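The values are calculated or read from the model by the stated rules, or taken from the named source; none is laboratory data. These numbers come from a predicted model, not from an experiment. Here the Cβ positions follow ideal geometry from the backbone for every residue, glycine too, while neighbour counts run over all protein chains shown. To get the accessible areas, we keep the full protein, side chains included, count just its heavy atoms, and leave off ligands, DNA and RNA. Shrake-Rupley method; radii C 1.70, N 1.55, O 1.52, S 1.80 Å.
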Amino acid sequence: LPADITEEKVDAFEVMSYSNCHQGGIELDLWYRLLNCGLELPGCAGTDAVMSELYSQPIGGYRTYVLVPPDSQFTFERWLEGLAAGRTFVTNGPLITRFQVNGLSPGGSARIGKDGRYCSSTLSVRCSHPLDRAEIIMNGEVVRSFEFEPGECSLDEEFDLWIDRSAWVAAKITGPN
């Protein structure tokens with residue numbers, strides 16, 4: 001897999017699908033390890049619904065959202081460009097309406113400098129169902145977490161992240177089963 005990624009034979013990594021949803025939640029360790037190797041691998045989702053089975057999971061249970069620049073016309077090609085650029089998030093319900101670190105949205109990158117710095121960050125989430133927790137993941141480790149009040153379906157948080165080395169940052173939202 002790492003060789004295929006470096007040879008650009010892999011467009012994205014399916015981080016959310018019925019096949020990798022286990023008792024403890026979505027299996028993310030392999031994706032985190034690949035990102036920690038410096039491989040730029042956008043996240044995507046797939047349903048893996050088996051339509052020939054009576055009790056299959058629903059189609060569209062897991063979805064990939066891609067940011068297409070608002071000043072351009074939506075086309076499939078622009079959607080693919082956004083996917084390749086990592087301007088994605090995957091979900092089975094909650095919508096991340098804004099996630100920025102140092103003014104950059106998903107797929108963005110910046111040089112921080114060898115001394116590091118605090119990066120202003122924002123996370124906004126909306127969902128039609130109550131949520132439990134939002135986590136900010138950096139290089140595979142939870143560096144910030146926000147608890148939702150019982151019954152709460154939205155979150156708007158501004159926070160600072162200290163970044164002093166090469167890093168990737170992601171947001172993870174969880175709710176009750």
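A few remarks follow.
- Screening the stretch 26-62 for residues that are among the small types (Gly, Ala, Ser), surrounded by 11 or more Cβ atoms within 10 Å (Cβ to Cβ) and modelled with pLDDT of 70 or more and picking the one that is farthest from the chain's Cα centre (by Cα) gives Gly61.
Residue-wise test of (1) under 12 Å from Ile96 (Cα atoms); (2) surrounded by fewer than 16 Cβ atoms within 10 Å (Cβ to Cβ).
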residue: Ser128; (1), (2): no, yes
residue: Arg133; (1), (2): no, yes
residue: Ala167; (1), (2): no, no
residue: Ile173; (1), (2): yes, no
residue: Asn177; (1), (2): no, yes
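- Within the stretch 1-30, being assigned to a strand (DSSP E or B), more than 11 Å from Leu41 (Cβ to Cβ) and of a type outside the set (A, V, I, L, M) holds for Cys21, His22, Gly25.
- Test: residue in the stretch 139-157 that is within 24 Å of Leu67 (Cα to Cα), touching a Cys at 6+ places or on another chain (Cβ under 8 Å) and open to solvent by less than 50 Å² (accessible area, probe 1.4 Å): yes
- Cross-chain or 6+ apart pairs with Cβ under 6 Å, the stretch 105-129 first and under 19 Å from Ser145 (Cα atoms), then of a type in the set (Phe, Trp, Tyr): Tyr118/Trp162; Ser121/Phe159; Leu123/Phe99
- Of the strands (runs of 3 or more DSSP E) contained entirely in the stretch 64-177, those carrying at least 1 residues that are at pLDDT 95 or above fall at 95-101, 117-126, 133-138, 141-147, 154-163, 169-174.
- Residues considered: Thr88, Thr97. Of these, the only one that is open to solvent by less than 30 Å² (accessible area, probe 1.4 Å), out of contact with any Leu (no Cβ under 6 Å at 6 or more places or on another chain) and at negative phi is Thr88.
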